[in-house]
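Every number in this text was worked out from the coordinates using simple rules, so none of it is lab data. A quick note: this is a predicted structure, and the numbers were derived from the prediction, not measured. Using ideal geometry, Cβ is built from the backbone for each residue, glycine included, and neighbour counts are taken over all protein chains shown.
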Amino acid sequence: MKGRMDSRLDRIEAAFRDAGVTGYLHAVDVDSGREIGLRADEPVVLASVFKVPLLVAFFRHAAAGRLDPAQQVTLRPEDRCAGPTGVSTLLDEVRMSLRDLACLMITVSDNAAADAVFAAVGPEAVDATVAELGLHATRVVGSGSDLHAMMLADGGVDDLGELWARLGEPGVLQRLRALDPLSTSRSTPREMARLMAKIWRDEAAPPAECAQMRRIFGLQVWPHRLSSGFPYDDVRVSGKTGTLPTIRNEIGVVEYPDGGRYAVAVFTRSLLPTAVLPQADAVIGTSARLAVEALRRPLPGRPQARG
Amino acid sequence: MNLVGHLQCFVAVAEELHFGRAADRLGMAQPPLSQRIKRLERELGVRLFERSSRRVELTAPGRLLLEEAREILARVDRIHSLAERARRGELGALRAGVPADLTGAVVAALIAEFRARCPEVRLELREIGTSEQVRALAEGALDVGVLRHPCEVRDLGLGSMLGQPVGVLVPSGDPLAAAPEVHLADLAGRDLALFARDEAPGPYDELLAACRRHGYDPAAVHEARQPQFAVGLVLAGSAVALTPRTPDTPGVTWLPLVGEPLLLRVSCAWRRDTGHEHAVAEFTAAATGVLCEQAGMSPLPSAPPRRVVPRPASGFLA
C-alpha cells in the first residue's frame, strides 16, 4: 500500500515538474479521512484563496446573528479594490446584499466584493474563525486593497501593468512580499483541504450556512485549473482559485456520483514569470486527479462497491 | 541552562503555534517541551506565549525574541558546518558550480582569473546544471554558482545579468548553411537538439515557447547533456541544434537567428551567509569578466520591458 501511494506521489511530482512549477498538494476523502499529500505542511501563499476563510467567517457571523447577510451595501467606484472581474471592473455605483457580494467574491474572485465582505466581517473575526477551526498555520493578513498597495510599494511601480512589465528584471520578483508565504496571507495545503472538508461535512458553520457556501463554490466559473482535471459530466467540481504573479492555486471538493467526495488543495509556484501559462493551470487539475484516483482505489483486503 | 536547546524549542513552538506538533518536530514528548518553555520564560523574565485551551500565540516580546533566536540558531548551525568543513580540510575552499556547456578554454580562464584575484582561496569547481545548483545553494553544498534564468532565486544574491544570443547549428551541407542568418521558421520540419530540460527547466520552457511563437514547432526534441552529442546529431543530419555560438567544428555551421529572438540569460548567484563574501565577490567578478570576454556573453543593461496584456483568469487575485 505504502509503495503504491509513493509511486502515485512520484507521478504527481513528475506532473508538477513537467509543467514547470513547484507544487504543494493535499487531498483528503471527506468521509473516511484517507489522505495523500506532497509538501502538504509547507507554508504557501494563499492569494485569492484567502477569500475562503473570509467566506466561512462571514457565514459563521451570519449564523450567529452578528451580521445580516441580506443587508444592502453601496460600493462607490472610487473606493473599490482593483481587479479583473466582477464589481471591480464596473464603472458605476453598485448596491448589493452582503451575501451576493460573498457570492461574487467566490464565483468570479471579485476583489471589490471581497473587500466589502472583509469590511463587514472584520479581520478579528477571520482570525477567530481560523483559530476556532484549528487552522494554526493559516493567517489572513489584510484585504485585497492592502495586498494591492503592498505589491505596488514593493515593486516601486504605479500600477500592476507596470509591475507585470518589469517582472523580468532581476530582483523584482524577490522583493514582492505578496509572494513570500511568511509575509502575506498563508496556509498549508493540509489545512486548506481540511477547511473544505469541514464545509462539506457541515462542520465549518451550521448546516444551512455550509449548504449556502457549497452552492457558491459550485458556481465558480473558472474551467482551467481543478475542474480541467475531471472531464466527467457526472462529477461535480467546486472550488476557489488563487492567482498572483508565478502563483496559481485552487482548493475545492470533487464529488463523484457514487457518493465519494474529496477535498483537494493545490498550490503552485512557476519558474517562468509569464502571466499566461496554461500548463501550470492545467497541472492543478492533473495533480488533483492523480491524488483523488489514489484515494478512490480500494484498500487492500477491503473491497469497496464504488466504481 | 542549555540556552541553544531551549531556543530550539522556542522557535519550534513559535513556528507551529502548537505544542503537540512542535514536540513531534523536535522528536520529544510534549510535557518536557512545555517545561523547557516555562524554564526559558523564567530565565528571560518574560512570557513568550499566550496559551489557552484552544490556541497558542506569541506575545509581543515573544515575537521580538523569535527573530533573534532564529539568528542565534542559524549562527550555531554555521559554527557546526564550519567546524565540519575544517575537519574535512575544506576551509579556505570556495565551492562553485558552472554549467556543463562552457568550453575548456572558458573554464581554464575562469580558474586562472580567480587564482589571480584570490590566491589564498582554493577553488572547488563543479560542473552542475542550474536546477541542481539552486538545490545545492539552498542546502549549503555550494557557495556560488553560475545560473541560467529564469530559475528559483528567492533568498539568493545575484550578480550582473548576462545575455547570450542563441543561434542554430546545421550540417554544413544543409541549404540553410549558405545563408548568413536564418529565420526560426525556416527550421520547420527539422528535429531539435537542445540542452536537457531537467538541467534548467525555466530556460528550456521559455526557449521552446519562443520557438513556437516564431513558427518553429519541432516534432521531436532530443536532449543533449553534452554539447558534443548535439553536434553529433547535427552531423548525422538527424536534427538542428539551438545553442550559443560554439567553437568551429568541421561539418557543421553555426548561424545567427534573424532578429535574435532567443537569448540565454546567465548570472552568478550565491548564498548570503557563507562567510565567504570576499571570495564570492571575486569569483563573481572573475566569472562575469571571463564569460563576457571569452564566452560571447554581454551584460544586459536592464531586462527589456515585457508586454503583458491582462486577461481576467490570470489577473490580480483572480
Item to check | Crossing angle, helix B:3-16 versus chain B [Cα axis fit, 0-90 degrees, rounded to tens] | outcome: 70 degrees
Checklist entry - In peptide A:164-174, what is the residue-averaged number of other protein chain Cβ atoms found within 10 Å of each Cβ? => result 6
Checklist entry - Going highest first, how would you order A:175-183, A:275-283, A:24-32 by mean Cβ packing within 10 Å? => result A:24-32, A:275-283, A:175-183
Item to check | Principal axis dimensions, largest first and in whole angstrom, of chain A by Cα | outcome: 62, 50, 35
Checklist entry - Counting only residues 5 or more places away or on other chains, whose amide H sits under 5 Å from the amide H of B:LEU264 once H atoms are built in the peptide plane? => result B:GLN164, B:VAL166
Next on the checklist: Between B:ARG75 and B:LEU158, how high is the FRET efficiency from 1/(1 + (r/R0)^6) when r is the Cβ-Cβ distance and R₀ = 30 Å? Nearest 0.05.
Outcome noted: 0.80
Checklist entry - What are the radius of gyration and Dmax of region B:197-318, computed over its Cα atoms and given in Å? => result 18.4, 54
Checklist entry - Over what distance in Å are the Cα centres of region A:141-179 and region A:45-71 separated? => result 27 Å
Item to check | Which of B:GLU84, B:GLU199 has the fewest Cβ neighbours within 10 Å, and the rest in rising order | outcome: B:GLU84, B:GLU199
Checklist entry - Among A:244-257, A:96-109, how do they line up from the highest to the lowest mean number of other beta-carbon atoms within 10 Å? => result A:244-257, A:96-109
Checklist entry - Among B:SER302, A:SER287, what is the fewest-to-most ranking by other Cβ atoms within 10 Å? => result B:SER302, A:SER287
Checklist entry - For region B:159-199, what are the per-bin percents of Cα-Cα distances with bins 5 Å wide, up to the bin holding the maximum? => result 5, 15, 25, 20, 15, 10, 6, 3, 0
Checklist outcome for this item: Along region B:287-299, Karplus-curve 3J(HN,Hα) (6.51, -1.76, 1.60; θ = phi - 60°) to the nearest Hz, with x for Gly and Pro, reads 5, 4, x, 5, 5, 6, 7, 10, 10, x, 9, 9, x
Checklist entry - What size of dipole, in debye to the nearest 20, comes out for region B:1-159 about its Cα centre when the only charges are +1 on Lys and Arg C-beta atoms and -1 on Asp and Glu C-beta atoms? => result 560 debye
Checklist entry - Quick one: Karplus J couplings for region B:127-133, per residue in order, coefficients 6.51, -1.76, 1.60, θ = phi - 60°, nearest Hz, x for Gly and Pro? => result 8, 7, x, 4, 4, 6, 5
Item to check | Average projection area in nm² (convex hull over Cα atoms of the protein assembly as shown, one quarter of hull surface) | outcome: 32.9 nm²
Next on the checklist: Largest first, please: the extent of the C-alpha atoms of region B:130-177 along each principal axis, to the nearest Å.
Outcome noted: 49, 20, 15
Checklist outcome for this item: region B:167-210 and region B:294-318 have their Cα centres apart by a whole-number Å value of 22 Å
Checklist entry - In whole Å, what are the Cα extents of region A:1-112 along the three principal axes, biggest one first? => result 57, 35, 19
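Any idea what % of Cα-Cα pairs in region B:162-264 are farther than 15 Å?
57 percent
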Checklist outcome for this item: Per residue of A:271-283, other chain Cβ atoms within 10 Å number on average 4
Item to check | Radius of gyration and maximum dimension Dmax of region A:67-212, Cα, Å | outcome: 16.8, 50
Item to check | B:THR284, A:THR129 arranged by Cβ crowding within 10 Å, fewest neighbours leading | outcome: B:THR284, A:THR129
Checklist outcome for this item: Stokes-Einstein D for region A:223-271 (20 °C, 1.002 mPa s, Kirkwood Rh from Cα pairs), in µm²/s, comes to 187 µm²/s
Checklist entry - If you line up the long axis of helix B:104-117 against the longest principal axis of chain B, both from Cα atoms, how many degrees apart are they, to the nearest 10? => result 50 degrees
Checklist entry - Lys/Arg Cβ at +1, Asp/Glu Cβ at -1, dipole of the protein assembly as shown taken about the Cα centre: which of B:SER298, B:ALA236, A:GLY86 is farthest positive-ward? => result A:GLY86
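Given only helices, namely DSSP H runs of n ≥ 4 each adding -39500 (n - 2.57), what is the per-residue ellipticity at 222 nm of chain B, to the nearest 500 deg cm²/dmol?
Only helices count here, giving -13000 deg cm²/dmol.
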Checklist entry - Just how many pairs of Lys in the protein assembly as shown have C-alpha atoms closer than 28 Å, counting pairs that are eight or more places apart or on different chains? => result 4
Checklist entry - Considering every Cα-Cα pair within region B:96-217, what fraction, in whole percent, is farther apart than 24 Å? => result 42 percent
Checklist entry - In sequence order, what are the phi-derived ³J(HN,Hα) couplings for region A:105-113 according to the Karplus relation 6.51 cos²θ - 1.76 cosθ + 1.60 with θ = phi - 60°, rounded to whole Hz, with x for glycine and proline? => result 5, 8, 5, 10, 6, 5, 6, 5, 5
Next on the checklist: Run the numbers for A:GLU132 and A:ALA149: contour at 0.36 nm per residue of separation, minus the present Cα-Cα distance, in nm.
Outcome noted: 3.2 nm
Next on the checklist: Treating region B:1-120 as a set of equal point scatterers at the Cα positions, no solvent, please give the Debye-formula log₁₀ I(q)/I(0) at q = 0.10, 0.15, 0.23, 0.24 Å⁻¹.
Outcome noted: -0.51, -0.74, -1.31, -1.37
Item to check | Within 10 Å of each Cβ in A:84-91, the average number of Cβ atoms from other chains | outcome: 3
Checklist outcome for this item: Given a Förster distance of 56 Å, the FRET efficiency implied by the Cβ-Cβ spacing of B:VAL4 and B:ALA178, rounded to the nearest 0.05, works out to 0.20
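Which value results for Rg/Rh of region A:57-125 when Rg is the Cα radius of gyration and Rh the Kirkwood radius based on the inverse mean 1/r?
Result for region A:57-125 is an Rg/Rh of 0.96.
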Checklist entry - In terms of the ratio Rg/(2.2 N^0.38 Å) built on C-alpha atoms, what value belongs to region A:163-307? => result 1.18
Checklist entry - When you count, for each residue, the other Cβ atoms within 10 Å and take the mean per peptide, how do A:79-87, B:98-106, A:190-198 rank with the highest first? => result A:190-198, A:79-87, B:98-106
